[in-house]
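Here the structure is laid out as structure tokens; the discussion comes afterwards.
Throughout, read-outs are computed from the coordinates displayed, never taken from laboratory work. What you are looking at is a predicted structure, and each value in this text was computed from that prediction instead of being measured. Note that we place each Cβ from the backbone using ideal geometry, even for glycine, and neighbour counts take in every protein chain shown.
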Amino acid sequence: MAREPREGGRGGRDRDREGDDLVDKLVTINRVAKVVKGGRRFAFAALVVVGDQKGRVGFGAGKAREVPEAIRKATDRAKRTMIRVPMKEGRTLHHDVAGHFGAGKVVLRSADAGTGIIAGGPMRAVFESLGINDVVAKSLGTRNPHNMVKATFAALERCASPRSVANRRGKKVSDILGRREAAATTEATADV
């Protein structure tokens, strides 16, 4: 069976498609074997994270008899389940947050400029696709990539910007943060 060339030119783990400005990262591929009368039948399960590196990210899992088809299915699911995450100054989180899914627990902390992404493999793929440049993350509990990604998304869904918190409480952003931070946040969110 001949392989068709992929768009984007990079191939490999990171593929950047020109049409939709989305970056998809392959987190893991799992091969499972079903033993039948004639031997073994192999199937593949892929976990993919897709993001626009501007605050939107999604993940998806796909299963198929061949690797490219499993990746395609996972990518399509990831595009359908994208969420928007508010970012501070377009580079980090507004506040520290924790999330869990099953046995997977993660702690995400905002970081100063220049810190970089300090996170394990599956979480790193999420942050790179999301466009966060400075974050410190710790995974507690399971090392299963599916649960780590789902716990990371549970934490990211709990993130809130100071502007949304102020609107929900019926207050001003300066009442929530303080005068200096409010002025800096208002300027940063106006740019994004």
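With r as the distance between the Cβ atoms of Lys37 and Arg80 and R0 = 30 Å, compute the FRET efficiency 1/(1 + (r/R0)^6) and round to 0.05.
0.20
Once you keep just the Cα pairs under 8 angstrom separated by 6 or more residues, what percentage relative contact order results for the stretch 14-83?
Worked out over the stretch 14-83, it gives 26 percent.
Calculate the spin-label point distance for Glu69 paired with Lys172, positioning each point 7 Å from the Cα along the beta-carbon direction, and give it in nanometres.
Going by the 7 Å Cα→Cβ label model, 6.1 nm.
Using per-residue counts of other Cβ atoms within 10 Å, averaged over each peptide, order 118-129, 39-50, 162-173 from highest down.
The peptides rank, most packed first, as 118-129, 39-50, 162-173.
For a quick check: with amide H placed at 1.01 Å from N, whose amide H comes under 5 Å from Thr28's, ignoring anything fewer than 5 positions away on the same chain?
Counting only residues 5 or more places away or on other chains, the set is Leu47.
Ranked from highest to lowest mean number of other Cβ atoms within 10 Å per residue, what is the order of the peptides 150-156, 71-77?
150-156, 71-77
Starting from the Cα-Cα distance between Lys54 and Arg158, subtract it from 0.36 nm times their residue separation and give me the gain in nm to one decimal.
Stretched out fully, the Lys54 to Arg158 stretch lengthens by 35.7 nm.
Among the listed pairs Lys63/Lys88; Lys79/Lys172; Lys34/Lys73; Lys25/Lys171; Lys138/Lys172; Lys37/Lys150, give every one whose C-alpha distance is greater than 28 Å.
Violating the 28 Å limit, Cα to Cα: Lys63/Lys88; Lys79/Lys172; Lys25/Lys171; Lys138/Lys172; Lys37/Lys150.
Determine ³J(HN,Hα), in whole Hz, for all residues of the stretch 83-95 in sequence, where each value follows from phi through the Karplus function 6.51 cos²θ - 1.76 cosθ + 1.60 and θ = phi - 60°; x replaces Gly and Pro.
Going residue by residue, I get 10, 9, 10, x, 10, 8, 6, x, 9, 8, 7, 6, 8 Hz, with x marking Gly and Pro.
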